[in-house]
């Protein structure tokens with residue numbers, strides 16, 4: 001492994017932009033269903049065969065439907081359609097694996113659990129288009145034994161730490177709105193988007209929040225609810241200690257013309273918005289153009305050998321551990337490049353970028369950071385187990 005350590009500036013950028021797509025955004029739904037299917041397959045493979053078999057189910061497309069939203073009700077006129085595609089082991093020996101059943105039932109369960117106004121049986125049609133994998137990639141998956149899987153792609157994984165104040169605020173805003181929508185604010189849909197821009201110590205935050213017609217009496221009631229969203233976001237921004245915060249909610253609304261962001265289900269996909277895996281949040285839950293980012297879609301990839309998943313998570317966790325363990329390091333970035341067919345714990349290139357305080361020995365700090373990264377790579381089998389069995393967030 002070619003391991004490089006270099007330095008970067010400690011100074012904070014004067015301008016920062018951060019975005020998060022909420023759990024009900026069409027792209028986030030696709031990410032969630034891809035990851036749900038991968039975990040369902042992992043559990044099924046482990047239960048029946050004692051090992052995770054080859055799969056990559058990272059292709060999900062949501063085709064929007066049509067609806068008529070109105071205060072006090074509304075209806076979905078044409079259901080949304082979900083297409084789950086990818087590659088998976090569908091049989092081994094004489095045993096058939098119920099991939100289609102796992103895909104459809106897992107998707108239904110996730111939609112019911114996370115979108116409180118969606119009636120899955122009426123509003124969504126789910127198609128499973130998962131097929132067996134190619135012979136060469138399936139063989140590559142098992143080459144080298146289970147202890148040292150071989151990378152099944154040439155890819156880049158990137159992680160950084162720590163999160164900035166603005167990044168933490170954006171995550172907190174979306175999660176707070178989501179929690180409220182499922183408890184005491186049923187008019188708030190889970191399809192939210194947060195866009196925040198910081199200029200110095202002043203922040204501007206634009207919120208899109210799909211409102212649910214059947215929980216709203218009229219336009220005044222709608223405006224009361226959007227005002228409540230604004231107050232909540234302003235309170236969270238104040239807690240983050242920004243000198244100035246400007247918040248706008250559903251900025252495209254034209255109340256005087258009767259045009260507002262009203263839905264039947266709380267998700268924009270009911271009326272034409274579409275979604276796709278990999279178009280939304282990166283694995284830290286954010287879209288951060290001022291930070292290093294991989295365009296890799298992590299959700300749905302197998303956690304054994306697909307470096308598009310493993311390296312992004314390992315790079316993030318290594319950067320986080322470096323910052324947490326080494327007080328001399330203010331910021332860390334980790335870049336990992338794989339080579340298809342190479343052992344997954346041996347990236348072709350690893351690059352650490354460190355911003356340090358003026359203390360300690362630079363050589364000693366670099367050596368400790370290198371060892372943390374090497375340890376993270378040695379622990380990739382443990383990461384595989386966590387990804388296969390836990391609800392580790394990837395979007």
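The values are calculated or read from the model by the stated rules, or taken from the named source; none is laboratory data. Worth saying up front: this structure is predicted, and the values here are computed from it rather than measured. Glycine gets a Cβ as well: all are built from the backbone with ideal geometry, and neighbour counts include every protein chain shown.
How many of the residues making up segment 316-368 are in contact with a helix residue (DSSP H, G or I) (Cβ under 8 Å, 6 or more places away or on another chain), touching a residue at least 40 places away in the same chain (Cβ under 8 Å) and not in a strand (DSSP E or B)?
The total comes to 14.
Looking at segment 8-22, which of its residues are in contact with a helix residue (DSSP H, G or I) (Cβ under 8 Å, 6 or more places away or on another chain) and either surrounded by 24 or more Cβ atoms within 10 Å (Cβ to Cβ) or farther than 23 Å from residue 194 by Cα (or both)?
Within segment 8-22, 18, 20, 21, 22 meet the criteria.
From the residues in segment 347-365 that are surrounded by fewer than 15 Cβ atoms within 10 Å (Cβ to Cβ) and modelled with pLDDT of 95 or more, which one is farthest from residue 2 (Cα to Cα)?
Filtering segment 347-365 for residues that are surrounded by fewer than 15 Cβ atoms within 10 Å (Cβ to Cβ) and modelled with pLDDT of 95 or more, the one farthest from residue 2 (Cα to Cα) comes out as 348.
Can you report the number of residues in segment 268-284 which are in contact with a strand residue (DSSP E or B) (Cβ under 6 Å, 6 or more places away or on another chain) and over 30 Å from residue 70 (Cβ atoms)?
2
Which of the numbered conditions does residue 152 fail, given that it passes all the others? Conditions: (1) surrounded by 15 or more Cβ atoms within 10 Å (Cβ to Cβ); (2) modelled with pLDDT under 95; (3) on the phi < 0 side of the Ramachandran plot; (4) out of contact with any helix residue (DSSP H, G or I) (no Cβ under 9 Å at 6 or more places or on another chain).
Tallying (1) surrounded by 15 or more Cβ atoms within 10 Å (Cβ to Cβ); (2) modelled with pLDDT under 95; (3) on the phi < 0 side of the Ramachandran plot; (4) out of contact with any helix residue (DSSP H, G or I) (no Cβ under 9 Å at 6 or more places or on another chain), residue 152 fails exactly one: (4).
Among the listed residues 197, 203, which satisfies the condition of being surrounded by fewer than 19 Cβ atoms within 10 Å (Cβ to Cβ), in contact with a strand residue (DSSP E or B) (Cβ under 9 Å, 6 or more places away or on another chain) and at pLDDT 95 or above?
197
Got a sec? Which of 51, 36 is at pLDDT below 95 and either buried (at least 22 other Cβ atoms within 10 Å of the Cβ) or in contact with a helix residue (DSSP H, G or I) (Cβ under 7 Å, 6 or more places away or on another chain) (or both)?
51
Looking at segment 198-210, is at least one residue touching a helix residue (DSSP H, G or I) at 6+ places or on another chain (Cβ under 8 Å) and within 22 Å of residue 76 (Cα to Cα)?
For segment 198-210, residues touching a helix residue (DSSP H, G or I) at 6+ places or on another chain (Cβ under 8 Å) and within 22 Å of residue 76 (Cα to Cα): present.
With the condition kept exactly as written, say whether any residue in segment 212-227 is part of a strand (DSSP E or B), farther than 24 Å from residue 291 by Cα and under 25 Å from the mean Cα position of the chain (by Cα).
For segment 212-227, residues part of a strand (DSSP E or B), farther than 24 Å from residue 291 by Cα and under 25 Å from the mean Cα position of the chain (by Cα): present.
Determine whether residue 248 is surrounded by 15 or more Cβ atoms within 10 Å (Cβ to Cβ) and within 23 Å of the chain's Cα centre (by Cα).
no
Within segment 156-194, work out how many residues are within 23 Å of the chain's Cα centre (by Cα), in a loop (DSSP other than H, G, I, E, B) and modelled with pLDDT of 95 or more.
3
Every residue in segment 207-235 that is buried (at least 18 other Cβ atoms within 10 Å of the Cβ), closer than 30 Å to residue 15 by Cα and touching a residue at least 40 places away in the same chain (Cβ under 8 Å), please.
Passing the criteria: 207, 208, 209, 210, 229, 232, 233.
I need the full set of residues from segment 239-297 which are over 29 Å from residue 164 (Cβ atoms) and not in a loop (DSSP other than H, G, I, E, B), in order please.
Passing the criteria: 254, 255, 256, 257, 259, 262, 263, 269, 270, 271.
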